[in-house]
Amino acid sequence: MNRIRIAPSLLAADFTRLAEAMAAVGEGGADLIHVDVMDGRFVPSMTFGPPMVEALRKATDLPLDIHLMIERPEDTLDRYLVGVQFVSVHVESTAHLHRCLERIRRAGAHAGGALNPGTPPSALSAVLPELDHVLVMSVNPGAGGQPFLESSYDKIRAVRELSGSRRLPVEVDGGVTLQNAARCVAAGAEILVAGTSVFGEPRPSEAVQKIREAAGRGAS
Ligand code: DX5
Ligand code: ZN
């Protein structure tokens, strides 16, 4: 098991003060900043586009973890590859998953395949060599603050099995809290995305530390 990484999601932060939000979680020891890109089509909401991702990249030294919830990511993907470290593409969003993953890697970022709750891990089996990590959605994509889907523990385990000896890091995204972080890690998750449970707390930097402590209790 690699080191557990905590990725606070800016979706739950104050959008008028994102630089401060990133600084606060950086103080708390966050490993990545999770950025939810939504286009109003793959999911109903709209959030950040390429200019915002570029601005965020300049405003922090932490690695950016871009979660693309957009239709046809192949059309705009290159505009997000601006020195970011992790990029995940939904398997449900494109007929060209392989090509997208190749392009992410060619830009020097870690390429991830993201799975909606209704999508089986086997949807990634043909692109395993092109993957650097897998993002398991533990809520339906599109909004923060939803309850964690209990079926996600088995899904995390199944993804770990599918990746076999490659032991691809699994990122769990949605509804992660102090209460379920250890179970996520015990199931095999290594990257924990946390929106509401970090930025919904009065002191986000402390919240990051507490989630890390809780997650550590699940590590074997
Ligand atoms: C949902 C997003 C998540 C979300 C998580 O579509 O992908 O990253 O921000 O927020 P919480 O932790 O509040 O479920
Ligand atoms: Zn996300």
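The values are calculated or read from the model by the stated rules, or taken from the named source; none is laboratory data. Fair warning: this is a prediction, and the values are worked out from it, not measured in the lab. Using ideal geometry, Cβ is built from the backbone for each residue, glycine included, and neighbour counts are taken over all protein chains shown. To get the accessible areas, we keep the full protein, side chains included, count just its heavy atoms, and leave off ligands, DNA and RNA. Shrake-Rupley method; radii C 1.70, N 1.55, O 1.52, S 1.80 Å.
For the chain, divide the Cα radius of gyration by the Kirkwood radius and give the resulting Rg/Rh value with two decimals. That ratio equals 0.93. Mean residue ellipticity, 222 nm, helices only, the chain: the sum of -39500 (n - 2.57) across DSSP H runs of n ≥ 4, divided by residue count and rounded to 500, is -8500 deg cm²/dmol.
The local environment of VAL193, defined by Cβ-Cβ distances under 14 Å, has a net charge of -4 under the rule Lys, Arg +1 and Asp, Glu -1. For ALA114, the residues whose amide H sits under 5 Å from its own are VAL89, HIS90, VAL91, LEU135, ignoring neighbours fewer than 5 places away on the same chain, with H placed 1.01 Å from N. Round to a whole number: what % of the accessible area of the chain belongs to carbon and sulfur, probe 1.4 Å? Its accessible area is 49 percent carbon and sulfur atoms.
When only Cα pairs below 8 angstrom with a gap of at least 6 residues are kept, the chain shows a relative contact order of 22 percent. Just so you know, the Cα atoms of the range 51-113 work out to an Rg and Dmax of 11.0, 34 Å. Placing a label point 7 Å from the Cα of GLU54 along the Cα-to-Cβ line, the residues of the range 71-110 whose backbone N sits under 17 Å from it are 76-85.
Applying the criteria of a DSSP loop state and at most 12 other Cβ atoms within 10 Å to the chymotrypsin sites (Phe, Trp or Tyr not before Pro) of the range 1-56 yields PHE15. Modelled this way, with points 7 Å down the Cα-to-C-beta line, the labels at GLU206 and ASN140 are 3.6 nm from one another.
A 1.4 Å probe run over the chain, with the rest of the protein chains in place, finds 43 Å² accessible per residue. Between SER151 and LEU178, the FRET efficiency from the beta-carbon distance, with R0 = 25 Å, is close to 0.75.
Available extension along the chain between MET46 and ARG105 is 18.7 nm, counting 0.36 nm per residue and deducting the alpha carbon span. Taking every pair of alpha-carbon atoms in the range 1-48, give the share separated by more than 15 Å as a whole percent. The calculated P(r) of the range 1-48 puts 51 percent of pairs beyond 15 Å. Note: relative contact order over the range 89-172, using C-alpha pairs below 8 Å and six or more positions apart, is 27 percent. Rg/Rh, computed from the Cα trace of the range 99-192 with Rh as the Kirkwood radius, has the value 0.96. Computed over all pairs of different Cα atoms, the Kirkwood value for the hydrodynamic radius of the range 1-127 is 15.1 Å. The loop-placed trypsin sites (Lys or Arg not before Pro) in the range 98-202, going by DSSP, that have at most 15 neighbouring Cβ atoms within 10 Å of their Cβ come out as ARG167.
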